[in-house]
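Just below is one structure, and these are the notes that go with it.
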Amino acid sequence: MALFGFCCRVELIFGPGALARLGEAARTLGMTRVLLVSDPGMVAAGHYQRGADILERAGVTVLPFHDFGCNPDTEMVERGAAFAAGLNIDGIIGLGGGSSLDCAKGINFVLTNGAPMRQFHGWGKATRPMLPMIAAPTTAGTGSEAQSYALISDAETHVKMACGDPKAAFRMAILDPELLVSQPDGVRAAAGYDAVSHAIETWVTTKRSPLSSALSREAWRLLDGSFERVFARPDDVEACGNLQLGAFLAGLAIENSMLGAAHACANPLTATYGTTHGVAIAALLPHVVRWNEPVVGGAYRELSPDLPARLETLAAAAGLPVRLAPLAVPREDFPSLAEAAASQWTGRFNPRPFDAAGALEVYECAY
């Protein structure tokens, strides 16, 4: 019997219409003046204003920050912290997709600890208390709402930095599946497939435990059973809820189990070519599973008799590629991409030992 730990730092509120509880949640945490971090797409969709109205009706003053993109970087985060510095806020709320949630965490790091974002790369670098935070995700994907890590790109190198600390965890997460109904198909596909990959990778990592495995299995059950449904019927609130809850559970599994080679190989594609993360994952995940099968094939078969084929079917339902060639990734770049993949922190938890040679094999198989 192996020694393991388990931690869940976030309180969950889930169900249709749950966003209406946002003001109550903020007051429960003692928030009276909040920075509401929400990307421009959320403003255009009306989600930001709805959240702001709920907060203000509860007597909470809202200060908005929207000046960041789909992959928040160090400059965006530091700009947000500078904006918030003189506002005397006592809480931060991330409302939107993974970019809004990660940007909220990043701002909290810099604002409360008074250091550039790069200094928080790694684990446990926050030496001062951080402000309480609430997550209200509008996509089912990253699982950031369940994790104490923020993924922030270095504005100069474009490398994604995992910046984690127990104090960076959201205190509460509000999951309202009604917010997912209006998602564009491209966002739904990339985010949803990312959640699928989290369930698959956490299921077999070297850091997995009985409790993280229970989360991974249930996340896979929810995602596998509803992923195709949301593309056939985008207004299916039950299917949206299953995806949202599955993404949360998979995110909580990451917190306790970490990830593997698919994420290690995907991150250099985003850093080098700007490839959307979920799209890169779709092109790689079935091939990583096949590459890992000699070591953990039995575990994969517990999820599906032919897991790579099932993953390709899910990608096809979402209109996602399952190979690198359609993404115009130059084959001659594979050696440098493999070196970058081997340096990614997620690769060290892959069940099959992973290095540059292994990454090169994965890229070649995925081509």
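Given the residues A219, A195, which is the only one that is modelled with pLDDT of 95 or more, crowded, with 23+ Cβ neighbours inside 10 Å, more than 17 Å from V288 (Cβ to Cβ) and assigned by TED's automatic domain parsing to the domain that holds L243? Step through it out loud before you land on a result.
Values: A195 fails: more than 17 Å from V288 (Cβ to Cβ).
Exactly one of A219, A195 is modelled with pLDDT of 95 or more, crowded, with 23+ Cβ neighbours inside 10 Å, more than 17 Å from V288 (Cβ to Cβ) and assigned by TED's automatic domain parsing to the domain that holds L243, namely A219.
From the list A85, A115, which residue is surrounded by fewer than 24 Cβ atoms within 10 Å (Cβ to Cβ), free of Cβ contacts under 8 Å to residues at least 12 places away in the same chain and either on the phi < 0 side of the Ramachandran plot or assigned by TED's automatic domain parsing to the domain that holds I281 (or both)?
Values: A85 fails: free of Cβ contacts under 8 Å to residues at least 12 places away in the same chain.
That would be A115, the only listed residue that is surrounded by fewer than 24 Cβ atoms within 10 Å (Cβ to Cβ), free of Cβ contacts under 8 Å to residues at least 12 places away in the same chain and either on the phi < 0 side of the Ramachandran plot or assigned by TED's automatic domain parsing to the domain that holds I281 (or both).
Does the range 353-366 contain at least one residue that is under 22 Å from A140 (Cα atoms), at pLDDT 95 or above and among the hydroxyl-bearing types (S, T, Y)?
For the range 353-366, residues under 22 Å from A140 (Cα atoms), at pLDDT 95 or above and among the hydroxyl-bearing types (S, T, Y): absent.
Among the residues of the range 150-174, write down those that are assigned to a loop (DSSP other than H, G, I, E, B) and either modelled with pLDDT under 95 or crowded, with 22+ Cβ neighbours inside 10 Å (or both).
Scanning the range 150-174 gives D154, A155, E156, T157, H158, V159, A169, F170.
Which helices (runs of 4 or more DSSP H) does the range 235-331 wholly contain that include 1 or more residues that are in the same structural domain as A219 (by TED's automatic domain parsing) and among the acidic types (D, E)?
237-257, 277-303, 307-317
Tally the residues that are acidic (D, E), touching a residue at least 24 places away in the same chain (Cβ under 8 Å) and in contact with a helix residue (DSSP H, G or I) (Cβ under 6 Å, 6 or more places away or on another chain), restricting the search to the range 202-236.
2
On the given criteria, is I92 surrounded by 24 or more Cβ atoms within 10 Å (Cβ to Cβ), touching a Leu at 6+ places or on another chain (Cβ under 6 Å) and either assigned by TED's automatic domain parsing to the domain that holds E56 or not in a loop (DSSP other than H, G, I, E, B) (or both)?
For I92, the condition - surrounded by 24 or more Cβ atoms within 10 Å (Cβ to Cβ), touching a Leu at 6+ places or on another chain (Cβ under 6 Å) and either assigned by TED's automatic domain parsing to the domain that holds E56 or not in a loop (DSSP other than H, G, I, E, B) (or both) - is met.
Go through the residues of the range 53-67 one by one and say whether even a single one is surrounded by 21 or more Cβ atoms within 10 Å (Cβ to Cβ), under 19 Å from I174 (Cβ atoms) and modelled with pLDDT under 95.
no
Taking the range 280-301 as the search range and keeping residues that are touching a residue at least 24 places away in the same chain (Cβ under 8 Å) and more than 18 Å from A338 (Cα to Cα), which one is surrounded by the fewest Cβ atoms within 10 Å (Cβ to Cβ)?
So the first thing to find is which residues in the range 280-301 are touching a residue at least 24 places away in the same chain (Cβ under 8 Å), and the list is 280-292, 294-296, 299-300.
Next, only the ones that are more than 18 Å from A338 (Cα to Cα) stay: 294-296, 299-300.
Numbers: P294: 9, V295: 14, V296: 18, A299: 17, Y300: 23.
Applying the filter and picking the extreme gives P294.
Mind telling me which of the residues L35, L22, L111 ends up being within 29 Å of D235 (Cβ to Cβ), among the aliphatic types (A, V, I, L, M) and not in a loop (DSSP other than H, G, I, E, B)?
Values: L35 fails: within 29 Å of D235 (Cβ to Cβ); L111 fails: within 29 Å of D235 (Cβ to Cβ).
Matching residue, one of L35, L22, L111: L22.
Does R128 satisfy the condition of being more than 26 Å from L22 (Cα to Cα) and either buried (at least 24 other Cβ atoms within 10 Å of the Cβ) or at pLDDT 95 or above (or both)?
For R128, the condition - more than 26 Å from L22 (Cα to Cα) and either buried (at least 24 other Cβ atoms within 10 Å of the Cβ) or at pLDDT 95 or above (or both) - is met.
Which of the numbered conditions does A232 fail, given that it passes all the others? Conditions: (1) farther than 30 Å from A81 by Cα; (2) at pLDDT 95 or above.
It is condition (2) that A232 fails.
The values are calculated or read from the model by the stated rules, or taken from the named source; none is laboratory data. Bear in mind the structure is a predicted one, so any value in this text is a computation, not a measurement. Glycine gets a Cβ as well: all are built from the backbone with ideal geometry, and neighbour counts include every protein chain shown.
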